[in-house]
1. Which part of segment 284-306 falls in the paramagnetic zone of K323, meaning amide N under 16 Å from the point 7 Å along Cα-to-beta-carbon?
2. If neighbour count is taken as other Cβ atoms inside 10 Å, put F41, F270 in order from fewest to most.
3. Return the subset of K281/K308; K281/K323; K49/K179 for which the Cα-Cα distance in this structure is over 32 Å, preserving the input order.
4. Could you line up I57, I130 from fewest to most neighbouring Cβ atoms inside 10 Å?
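Any read-out appearing in this document is the output of simple, stated calculations on the displayed coordinates, not a laboratory observation. What you see is a predicted model; the values in this text were computed from it and never measured. In this analysis, Cβ positions are derived from the backbone assuming ideal geometry, glycine residues included, and neighbour counts consider all displayed protein chains.
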Amino acid sequence: MDGEPKMSQVAISHASLISTVDAYYRAILDLDYLREDEVQFPPHRGEGKVPLATAQIQKAGLTPEAEELLHYLPYVTESGIEPYRGSIGITPGYSEPVTCLKVRGGNYSTDGRRFGLDHEAEEVSLPPWIISVFQGIHRDANCVFYDTRNRTIAELSIYEPTQDAFEMNATSPEDLIGKWVQNLHTLSLVPWRDDNMARGFECLTREASCPTNPERLLSMMTESMGALTPDHLDADPAGSWHHVRWEDLSWELENAKECHNKYWAKRLAFERAGWPHALDKNILRAHVGELEQGELDANDEFWTEVRKVDSDWRANNQAHNAKWREIEKEYWRKAAGTRGM
């Protein structure tokens with residue numbers, strides 16, 4: 001349209017990445033996982049905008065194309081760094097945000113280009129044509145990298161710092177980040193945060209928590225409501241479960257049920273706040289606060305009672321922790337309402 005600035009060739013060439021990353025940040029902003037003052041969308045210049053950390057970006061040694069591409073992506077602001085730092089992150093893969101803004105705590109520099117260790121225990125840096133979209137800096141986190149040459153993206157653990165690993169996992173931005181956006185819009189993926197910190201994402205089946213085929217676990221639970229016996233281990237015609245001990249399977253079932261209940265309890269908070277038609281963030285925050293405070297109150301009540309009746313409660317801490325876990329599971333089952341199991 002007349003009067004609109006002309007898009008650069010870099011922006012046109014990498015429109016898929018730019019649009020999906022933009023859509024992801026807007027989705028978590030709409031669902032209150034990200035707050036208004038915690039993100040800045042491009043252009044990163046003009047009144048009220050924090051400029052890019054140009055000097056640090058140049059030191060990273062990127063190709064001119066990769067360096068220019070950084071200008072078209074949204075970034076968290078200084079106030080948006082802390083809520084997603086640590087073991088939770090800003091993505092379903094527990095990644096932390098990457099910010100190229102000139103802010104305290106900004107992480108786009110030569111240090112930010114280091115990525116894990118190779119087989120010789122030597123530090124590996126990203127090639128100059130790859131940009132870091134989301135970073136993982138702790139044990140369970142994933143990194144998300146974009147290859148400007150092939151216009152592909154890959155989500156890798158911090159233990160896969162090779163070009164071969166990238167190419168093996170490479171996909172399109174729509175297939176990775178686009179699916180996150182879709183799952184957020186349908187609340188198949190529920191983002192959760194309290195007043196101060198992000199608390200991660202809940203989904204109906206989480207392979208991280210239920211690695212032994214979570215879909216089947218939930219299907220079996222739906223049929224029997226957990227009343228399984230060891231005889232069910234022989235029900236798999238492929239025989240892939242013959243090596244699983246009943247004790248392990250029972251733990252997986254209980255863990256899957258807890259994941260299910262937490263997902264529905266937290267999703268209900270969004271539904272009661274008006275999702276999907278008109279989400280009222282103030283009502284949502286009230287429901288989030290009630291759920292979080294309810295769990296804290298139950299915890300305080302339990303341990304207060306323990307200290308009253310058990311003078312040697314520290315020595316018996318393991319048994320008390322096991323009891324608290326049962327109470328905690330029951331709390332989330334009730335919070336899930338009719339959808340709990």
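1. 298-306
2. F41, F270
3. Violating the 32 Å Cα-Cα cut-off are K281/K308; K281/K323.
4. I57, I130
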